[in-house]
Amino acid sequence: MAIAKRQFDAVVVGAGGSGLRAALQLSEANLKVAVLSKVFPTRSHTVAAQGGVAASLGNDGEDNWHWHMFDTVKGSDYLGDQDAIEFMCRKANEAVYELEHFGMPFDRTPDGKIYQRPFGGQTRNYGEGPVKRSCAAADRTGHAMLHTLYQRNVRAHTQFFVEWMALDLIRDQHGDVLGVVAMEMETGEVMILQAKATLLATGGAGRIYSASTNAFINTGDGLGMAARAGIPLEDMEFWQFHPTGVAGAGVLITEGVRGEGGFLLNKNGERFMERYAPTVKDLASRDVVSRAMATEIKEGRGAGKDGEYILLKLDHLGAEVIDKRLPGIREIAMKFANVDCTKDPIPVVPTCHYQMGGIPTNYHGQVYVNDGDGEKVVRGLYAAGECSCVSVHGANRLGTNSLLDLLVFGKSAAEQVIRDIGGDTAQKDLPADAADRPLARLARLDNATGGESVSEVGAEMRRTMQLHCGVFRFPDSLAEGERKMLAVAERVKNTFIKDKSKVFNTARIEALELDNLVETALSTMVSAHARQESRGSHDRSDFPDRDDAKWLKHTFWSKEGNKLSYKAVKLKPLTVETFQPKKRVY
Amino acid sequence: MRFSVYRYNPDADAEPRMQDYDIALEPTDRMLLDALVRIKEHDDSLSLRRSCREGVCGSDAMNINGRNGLACITKLADLKEPVVLRPLPGLPVIRDLIVDMSQFFKQYHSIKPYLQNDTPAPEKERLQSPEDREELNGLYECILCACCSTSCPSFWWNPDKFVGPAGLLQAYRFIADTRDEATNDRLDNLEDPYRLFRCHSIMNCVDVCPKGLNPTKAIGKIKDLMVKRTV
Amino acid sequence: MVNRIVVGAHYGLRDWLAQRVTAVIIGLYTFLSIGLLLTGPKIDFATWRLLFTPQWMKFATLLFLFSVFVHAWIGVRDIVMDYIKPTGLRLALYSVFIVALIVYAAWSVRILWGL
C-alpha cells in the first residue's frame with residue numbers, strides 16, 4: 001500500500017517541555033522541523049508540574065552548581081551518571097534565565113529577581129540544610145513554562161502536527177533511524193515523516209500504575225516505539241512515587257507545600273519525618289519520604305477510617321501565603337479532597353509520579369544501544385525529557401530537577417541534531433518495509449472481529465503493577481508479577497475494538513497506547529525482579545541495602561527475548577572530582 | 001446514573017443524535033470525566049478529548065447541562081439527571097464531543113501571544129517588581145480550554161473576526177507585562193470594530209471560566225488604555 | 001475563491017467612545033427633562049411651547065436628538081455586523097439607516113425651529 005510521505009530535517013515527537021525546547025532551538029536554526037503531538041501542545045503533561053525548576057541562582061541565600069550537583073548525585077542514590085549531572089547543573093542558570101527572557105512569568109523577590117523556594121533533597125553546602133533553589137511561578141510552574149515555550153515556538157513559526165500520533169520508528173538495515181510513521185487522529189490517515197533526525201520527547205508512562213499523578217496521555221509511546229525498534233530500555237525498575245498525591249484521586253500536591261513550610265502528620269498528629277530524616281525532615285528526597293509514609297501506614301499509624309492515608313498540614317502557613325504561593329493547591333484540595341487547606345490537612349498517599357528510566361541517551365541527547373563494548377550511538381535518533389534516561393536522576397529524581405532536565409537536554413539534543421545534520425541536505429533511502437509494522441498493527445485492529453477488551457487488559461496491567469511493583473517490593477510478589485505481566489503482554493497482542501471508524505477514533509488510539517504501556521510495564525517488572533538490592537525508589541524486602549559492589553550499574557531491558565544486560569555507572573564527572581558513593585542520610 | 005450524550009460520527013451518521021446511557025458508577029467515580037471513562041468502557045465508540053484529569057490541560061471542555069465546563073473538575077454529585085452533554089457550542093463538530101478548535105487557536109495566535117522585547121537581554125533575569133508581576137495574576141493562568149469563547153454570543157456570530165475572550169485575556173496578559181515592549185502594536189492590532197469591540201460585556205466568559213478568570217475585566221483594561229492613548 | 005478574513009478598520013475605539021459619550025448626553029438630557037416636568041407647573045400646550053422657546057433649550061434638545069441618532073447608528077450597525085453577513089445586503093441596510101437618520105435629523109431641526 002502506498003502511503004503519503006513528507007520530508008523534514010528533523011521530526012520531534014512530543015510537544016511537552018523537552019519537545020518544545022528542542023523544537024525552538026531547531027526552528028531558530030532555520031531547520032525544517034515537524035513537531036508531532038497527540039494533544040494541542042499546551043495540553044502536554046508538563047502543564048501539570050507545580051513546584052518549580054531547579055537552578056542555583058542564589059537569589060535568596062548562597063548557592064552554587066556544585067552543591068546542586070552533589071544533591072542530584074546523592075538524590076540519585078549514586079546511580080546517576082556524574083558527567084550528565086555536572087552538565088545539567090552547570091547549565092541550569094542559563095536555562096532558567098533564557099526561559100525568563102522568553103517571557104516566563106516567574107514569581108519575584110522584593111528586589112525583582114526570580115523567586116526561589118526550598119524543595120526536597122536540595123541542600124546548601126553538601127547536605128547541611130535546605131536551600132532555596134526551586135524557581136517558581138506560584139504552584140503553576142509547569143503551566144507557565146509550557147505556555148511560554150509554546151508561545152516562543154509560535155514566534156519562531158515552528159510547524160506543529162497537532163493531534164498526530166507517532167506509531168513506529170523507521171530503521172534501515174544499518175540500524176539508522178530515518179523518521180517515524182504517524183497517524184492523523186482526526187482522519188485516521190497514516191503518513192511517513194522522513195527526517196534526518198528524529199527526536200523522541202514523548203514523556204513518561206506513569207499510566208502503567210492504577211494510582212498515578214500522570215495524565216491519560218502519558219502512555220510511554222516513545223518507549224514502546226524504541227522497544228519495538230530493537231532499542232533496549234534503561235533503568236526501568238526505577239519509578240518515583242510522589243509522597244503527596246491526593247488520597248483516592250491521585251492528583252498531585254506539590255512538594256512546594258512542604259518547601260513553603262507544610263509538613264506531614266500521622267494519625268497521632270506526630271510529625272513523623274523527624275524520625276526518618278532528622279536534618280531536613282519533610283524535605284528529604286521523595287523516595288525517603290514516600291517510604292516513611294508507606295511504613296507509617298503499614299504499621300497502623302495512617303489516618304482515615306481504614307488508616308489508609310497520611311495528613312499534609314499547611315493551614316499554619318496562613319491563608320495569605322497559601323493564596324499567593326499555592327493557589328492551585330487550594331483549588332485541588334477543595335475539588336478533589338473536599339478540604340479547605342487553610343483550615344484542615346489534606347489526605348495524601350505516595351502515588352506513582354515519574355519514570356527515572358527510559359530510552360538510553362548520552363548528555364547530547366543521542367540515543368545509544370548498550371552492546372557489551374560500550375555505547376553504540378543510533379544514528380538519526382535522539383531523545384530528551386522524561387522518556388529518556390541520560391541518566392541524571394539515577395534511582396530517584398529530586399523535585400524540580402525534571403523541569404530542569406527537559407530544558408537542558410531538550411536544548412542540548414537539538415544542538416546535537418544541528419551539528420549532526422550540518423550542511424547535509426540528502427535524505428537517506430527509505431527501506432521498502434518502512435511502514436510495514438505500524439500498518440500491520442492498524443490492520444490487525446481494523447480486521448479483528450473479536451478479542452480482548454482494551455480497557456480490561458489495561459486495568460489488569462495497572463492492577464498488576466500496583467500490586468506487585470509498588471513502593472515496597474517482595475521477591476515472591478515480583479516473580480508472580482512478572483508471570484502476570486507476561487500474560488498481559490500476550491493478551492495485548494489480541495486486543496479488539498468495536499469502533500472501526502476512521503474519524504477521531506479514540507478507541508483505536510487507546511489500543512495503540514496500550515501496546516506502548518505494556519512494553520513499559522513489562523520492562524519495569526522484569527528489571528525490578530532482577531535487581532537484587534535496595535536503591536533509591538527500588539526497595540526490595542529481601543535485599544534491604546544498597547549493594548555498590550554488585551549493582552552500581554544501569555539495567556538495560558531488550559524486548560527481543562525479554563533479556564537484560566548491564567552497564568557500569570559513569571562516576572567520572574566532566575571537570576570535577578567524583579562524588580564517591582556514601583551512605584545516604586537526610 | 002443517567003446521561004444523554006450528543007453523538008455524531010460523520011462516517012456513520014447522517015445527522016447528530018442524542019444517545020442515552022444509564023450506567024452504574026463505582027464509589028471512586030467522583031467527577032464527570034470518571035463517568036465518561038466508565039461509559040467508554042461499555043461503548044468504545046464515544047469520542048472525547050481528555051488528558052490531565054485535574055483541570056490544568058484544558059482538553060475536556062464540553063457543554064454540561066447547558067453550561068460550558070471541564071468534565072474532570074465537574075462533580076457528579078452536583079449534576080441534575082439526566083446529565084445532558086454536548087460539544088462546545090459555536091465550533092464545528094468533528095465527532096461526538098470533539099470540536100474543531102482551529103478558529104479558536106487562530107484567534108489566540110492572532111494577538112501575537114509571546115513576549116516582545118527587542119532590548120538585548122541582560123546576563124541574568126530581567127528584573128520585575130513583585131507588584132508588577134502581580135499584574136499578570138488572573139491572566140497567565142488561562143488553560144485555553146475555550147469554555148469562555150464558545151459561550152460568548154459575539155464569538156458565535158463572528159468567530160472569524162472577533163478575537164474572543166480567551167484571546168483578549170492573553171492580549172492583555174502581554175500588555176500588562178512590564179517586560180513587553182509592543183504595547184502600541186498590540187493596541188493597534190485590536191483597534192477595530194470587530195477584533196475587540198464586538199465584546200458587549202455579556203460576561204458569559206466570566207461566568208463559565210473553570211479557572212475563575214475574568215476576561216471582561218481584562219478587555220475593559222485594554223479599552224481604558226486605548227482611550228488613554230487617544231484622548 | 002480565497003475567502004480572506006479582513007479586519008483592521010481603525011474606527012473601533014472612536015465609535016465605542018462615541019457611543020459612551022452620546023449615552024451620557026442622552027442620560028443628562030433625560031434627567032433634566034424629568035426634573036423640569038416634575039418640578040414645573042402642570043403641562044398644557046402653552047407651557048410646553050414656552051419650555052422650548054429659549055434658544056439654549058432648542059440647542060440642548062437638538063444635541064440630545066443628534067446623540068440619539070449617532071447612538072442608534074452605532075447600535076444598529078453593531079447588530080447588522082453580527083447578523084447580516086452578505087456585504088451587499090449590509091451596505092444596502094446601512095444606506096437605508098443612514099438616509100433615515102439624516103431625514104430624522106433634518107426633521108428635528110424643522111420641528112424645533114418651526115421652519
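The values are calculated or read from the model by the stated rules, or taken from the named source; none is laboratory data. Keep in mind the model is a prediction, meaning the values are calculated, not measured. For neighbour counting, all protein chains shown are included, and Cβ atoms are generated from backbone atoms with ideal geometry for every residue, glycine included.
Taking the conditions exactly as written (under 30 Å from A:V131 (Cα atoms) and not aliphatic (A, V, I, L, M)), does A:K583 satisfy them or not? Yes, satisfied. Within the range A:147-169, identify whether any single residue is closer than 20 Å to A:T46 by Cβ and free of Cβ contacts under 8 Å to residues at least 24 places away in the same chain, and answer yes or no. Checked the range A:147-169: at least one residue is closer than 20 Å to A:T46 by Cβ and free of Cβ contacts under 8 Å to residues at least 24 places away in the same chain.
One residue is enough: does the range A:571-586 have a residue meeting the conditions farther than 30 Å from B:D13 by Cβ and aromatic (F, W, Y)? Checked against the condition, which is being farther than 30 Å from B:D13 by Cβ and aromatic (F, W, Y), the range A:571-586 yields at least one hit. For B:P82, indicate whether it is out of contact with any helix residue (DSSP H, G or I) (no Cβ under 8 Å at 6 or more places or on another chain) and more than 20 Å from B:C147 (Cβ to Cβ). Yes. Contact annotation: residue pairs with Cβ atoms under 8 Å, 6 or more positions apart or on different chains, pairing a residue in the range A:92-114 that is within 7 Å of chain B (Cβ to nearest Cβ) and at positive phi with a partner that is at pLDDT 95 or above and assigned to a helix (DSSP H, G or I), are A:G103/A:T148; A:G103/A:Q151; A:G103/A:R152; A:G103/B:F174; A:G112/B:P130. Please enumerate the residues belonging to the range A:525-542 that are closer than 16 Å to A:G357 by Cβ and assigned to a strand (DSSP E or B). If the condition is that a residue be closer than 16 Å to A:G357 by Cβ and assigned to a strand (DSSP E or B), then A:R535, A:H538 are the ones that fit. For the range A:343-360, the tally of residues that are farther than 13 Å from A:S290 by Cβ and under 14 Å from the mean Cα position of the chain (by Cα) stands at 6.
The residue of the range C:56-92 that is modelled with the highest pLDDT, among those that are of a type in the set (S, T, N, Q) and within 16 Å of C:L32 (Cβ to Cβ), is C:S67.
Screening A:G458, A:G470, A:G481 for residues that are crowded, with 16+ Cβ neighbours inside 10 Å and within 12 Å of chain B (Cβ to nearest Cβ) leaves exactly one candidate, A:G458. Looking only at residues in the range A:25-51 that are farther than 18 Å from A:G423 by Cβ and assigned to a strand (DSSP E or B), the one that is nearest to the chain's Cα centre (by Cα) is A:S37.
Taken as a whole, the condition of being closer than 20 Å to A:G259 by Cα and in contact with a helix residue (DSSP H, G or I) (Cβ under 7 Å, 6 or more places away or on another chain) does not apply to A:I332. Among the conditions (1) part of a helix (DSSP H, G or I); (2) touching a residue at least 60 places away in the same chain (Cβ under 8 Å); (3) of a type outside the set (S, T, Y), A:L312 misses just one, which is (1).
Taken across the range B:199-214, residues that are within 16 Å of the chain's Cα centre (by Cα), more than 13 Å from chain A (Cβ to nearest Cβ) and of a type in the set (D, E) do occur, with at least one present. The residues of the range A:79-111 that are in a loop (DSSP other than H, G, I, E, B) and under 19 Å from the mean Cα position of the chain (by Cα), listed by number, are A:L79, A:G80, A:D81. Here is the figure for the range B:30-81: residues that are more than 15 Å from the chain's Cα centre (by Cα), assigned to a helix (DSSP H, G or I) and facing another protein chain (nearest Cβ under 8 Å) total 2. Scan the range A:171-182 residue by residue and report those that are outside any loop (DSSP other than H, G, I, E, B) and more than 24 Å from the chain's Cα centre (by Cα). Residues satisfying the conditions are A:R171, A:L178. Checking B:L225, B:L169 one by one, the residue that is within 14 Å of chain C (Cβ to nearest Cβ), touching a residue at least 12 places away in the same chain (Cβ under 8 Å) and of a type in the set (A, V, I, L, M) is B:L225 and no other.
The listed residues are B:I94, B:I98, B:I111, B:I143, and the only one of them that is of a type in the set (A, V, I, L, M), more than 13 Å from the chain's Cα centre (by Cα), more than 7 Å from every other protein chain (Cβ to nearest Cβ) and surrounded by 19 or more Cβ atoms within 10 Å (Cβ to Cβ) turns out to be B:I111. Scanning the range A:47-88 for residues that are more than 10 Å from every other protein chain (Cβ to nearest Cβ) and over 30 Å from A:K583 (Cβ atoms) returns a single hit, A:D60.
Residue-wise test of (1) more than 25 Å from A:V33 (Cα to Cα); (2) touching a strand residue (DSSP E or B) at 6+ places or on another chain (Cβ under 7 Å); (3) touching a residue at least 40 places away in the same chain (Cβ under 8 Å); (4) not polar (S, T, N, Q).
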{"site": "A:H353", "(1), (2), (3), (4)": "yes, yes, yes, yes"}
{"site": "A:P360", "(1), (2), (3), (4)": "no, yes, yes, yes"}
{"site": "A:Y363", "(1), (2), (3), (4)": "no, no, yes, yes"}
{"site": "A:Y382", "(1), (2), (3), (4)": "no, yes, yes, yes"}
{"site": "A:A395", "(1), (2), (3), (4)": "yes, yes, yes, yes"}
{"site": "A:S402", "(1), (2), (3), (4)": "no, yes, yes, no"}
{"site": "A:L406", "(1), (2), (3), (4)": "no, no, yes, yes"}
{"site": "A:T425", "(1), (2), (3), (4)": "no, no, no, no"}
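Could you please find all residues in the range B:118-129 being surrounded by fewer than 21 Cβ atoms within 10 Å (Cβ to Cβ) and touching a Gly at 6+ places or on another chain (Cβ under 8 Å)? Across the range B:118-129, the qualifying residues are B:L127, B:S129.
To keep it simple, each residue is scored yes or no on (1) outside any strand (DSSP E or B); (2) not small (G, A, S).
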{"site": "A:N153", "(1), (2)": "yes, yes"}
{"site": "A:G188", "(1), (2)": "yes, no"}
{"site": "A:A195", "(1), (2)": "no, no"}
{"site": "A:T202", "(1), (2)": "yes, yes"}
{"site": "A:N214", "(1), (2)": "yes, yes"}
{"site": "A:N218", "(1), (2)": "yes, yes"}
{"site": "A:G222", "(1), (2)": "yes, no"}
{"site": "A:A227", "(1), (2)": "yes, no"}
{"site": "A:M236", "(1), (2)": "yes, yes"}
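Annotation for the range A:127-143: at least one member residue is among the acidic types (D, E) and part of a loop (DSSP other than H, G, I, E, B).
Looking at A:N505, A:N516, just one residue is more than 14 Å from chain B (Cβ to nearest Cβ) and either buried (at least 23 other Cβ atoms within 10 Å of the Cβ) or under 21 Å from B:D44 (Cβ atoms) (or both), and that residue is A:N516.
The residue that is farthest from A:S37 (Cα to Cα), among those in the range B:2-28 that are within 11 Å of chain A (Cβ to nearest Cβ) and not β-branched (V, I, T), is B:P27. Note on the range B:120-132: among residues that are closer than 20 Å to B:K221 by Cβ and either assigned to a loop (DSSP other than H, G, I, E, B) or in contact (Cβ under 8 Å) with a residue 12 or more places away in the chain (or both), the one that is farthest from the other protein chains (Cβ to nearest Cβ) is B:D132. Among the residues in the range A:543-561, are any in contact with a strand residue (DSSP E or B) (Cβ under 6 Å, 6 or more places away or on another chain) and assigned to a loop (DSSP other than H, G, I, E, B)? Yes: the range A:543-561 contains one or more residues that are in contact with a strand residue (DSSP E or B) (Cβ under 6 Å, 6 or more places away or on another chain) and assigned to a loop (DSSP other than H, G, I, E, B).
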